[in-house]
1. How many percent of all Cα-Cα pairs in region 183-281 sit more than 15 Å apart?
2. Just the projected area, averaged over all directions, of the convex hull on the alpha carbon atoms of region 292-363: how many nm²?
3. Return the ratio Rg/(2.2 N^0.38 Å) for region 326-404, where Rg is computed over Cα atoms only.
4. Starting from 0.36 nm per residue, how many nanometres of slack lie between residue 234 and residue 195 once their C-alpha separation is accounted for?
5. Per residue, how big is the convex hull around the C-alpha atoms of region 188-346? Give it to me in cubic angstrom, could you?
6. Treating cross-link reach as a plain straight distance, find the lysines whose alpha-carbon is under 29 Å from the alpha-carbon of residue 228, omitting any fewer than eight places away in the same chain.
7. If the viscosity is 1.002 mPa s and the temperature 20 °C, what translational diffusion coefficient in µm²/s does Stokes-Einstein give for region 243-320 when Rh comes from Kirkwood over Cα pairs?
8. Using unit Cβ charges (K, R positive; D, E negative) and no other charged atoms, how large, in debye to the nearest 20, is the dipole of region 262-364 about its Cα centre?
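Read the figures in this text as sums done on the coordinates, not as results from a lab. Not measured: the values here are computed from a predicted model. Using ideal geometry, Cβ is built from the backbone for each residue, glycine included, and neighbour counts are taken over all protein chains shown.
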Amino acid sequence: MYSSKLNKSSLLVVSPIIHPCAIQNGIALRIYNLLNTISYNYNIELITCSNSSFKETEINTNFFAAEYFVNTSTHHRHKINQHTKLYNYFPSRYLYSWPSYNIEFHKALLGLLDRYRYDAIYCSHASTYGYYLYDLSNLNVICDVCDSTLRFQKNIFLSSSCVRTKLSMIYNMILTIIWEYKYLSKCKKLTVISKSDKKWLSLSIPKSNIDIIPNGVDTDYFNPDIVKPTQDSYVLCFTGVMNYDPNHDAMMYCLDSLWPRLKTMYPDLKLKIVGPNPKSELIKLADLSPDVEITGRVKDIRKAVMKSAIFFSPMRLGAGMKNKHLEAMAMGIPLITTIEGAAGISLVSGYHAIIANTEQQLISSVSLLIEHPLIWNLVSKQARILVNEMYSWDKSSQLLSGIL
């Protein structure tokens, strides 16, 4: 299809799981901001499954020249099924191909590609490419793999003491490498968030096919002048989609192992956990402490974390770059996290944030920021400067435009 605006290239965005503007997680936030920023140079069209929830938000979708909605009623869990016999014992939850395959969506996409010509196709999620586009290698398809599934699986393997879970993770890691080699290796270009993700993905894909596009943050929106972080508040905060395993695990670990010791040292300390869909297990544990608040979904994260002293994120699982950490740094809330939590962000521990990995290091880091105002002020200020200089959506979108 040729753009009506002659100076713009035509781009088709393929997102079968959810409308990319229904911002319900970090991946959707990434897609929305990248597309919104490059829309000045591209005539962007979207094909997606029907989803009415995004229409209830105040997100602008005017940058789409056309939107094709597919009503999908039939879901086939395994189009690519090489492991049926073992599936019941080793559930492949962490494989790229976990989402259901939609035959209606596939037919609609092929029909669209038959009717129109696009300069490039931007594909959200590795499973999207593997299900719908892997046999169309003649097209200029760019797939945003985002996080490394292998790296995520490795973290679960190392953190679990359950033999069955470890066997399941070994099985999943082998299948992931096979799956990536068979399907993702056919893609023109793959994009990931960080060097670590590229390293893990390159176990099955040539490095030359993988480009890094870091996440960004809207520094005008996430502004210290609005949030007014303060070292005197004795409030720790954490934000995220709380039914996402790495976020849930971080807060369960915090409440189980870290919070009792911190409360003994600082009786006035409070913890605010902000984000939708907290699991009942976490809610029950939080109810045992009157100084732990779980807010659930909020309209404005900035107001929920206003006047916080520390963004406390003891993450043990996950992959890629954490949007919530960039947002906290942009707001001037000093960040305490782990090596996993800091992945993808080029920060200096003790200067832009504090990286701590053991229980004692995490607790000592809280003490450091509470008891030393000069260090608190340094980290708060330098975090904001780092994000302003290195992590804007404008810069990330320029990288995407070059790849497209």
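1. It works out to 75 percent of all Cα pairs.
2. 5.3
3. Compactness ratio reported: 1.23.
4. 10.5 nm
5. 128
6. Reachable lysines: 263, 270, 272, 299, 303, 307, 322, 324, 381, 395.
7. For the chosen part, D equals 163 µm²/s.
8. Using Cβ point charges on Lys, Arg, Asp and Glu, region 262-364 gives about 320 debye.
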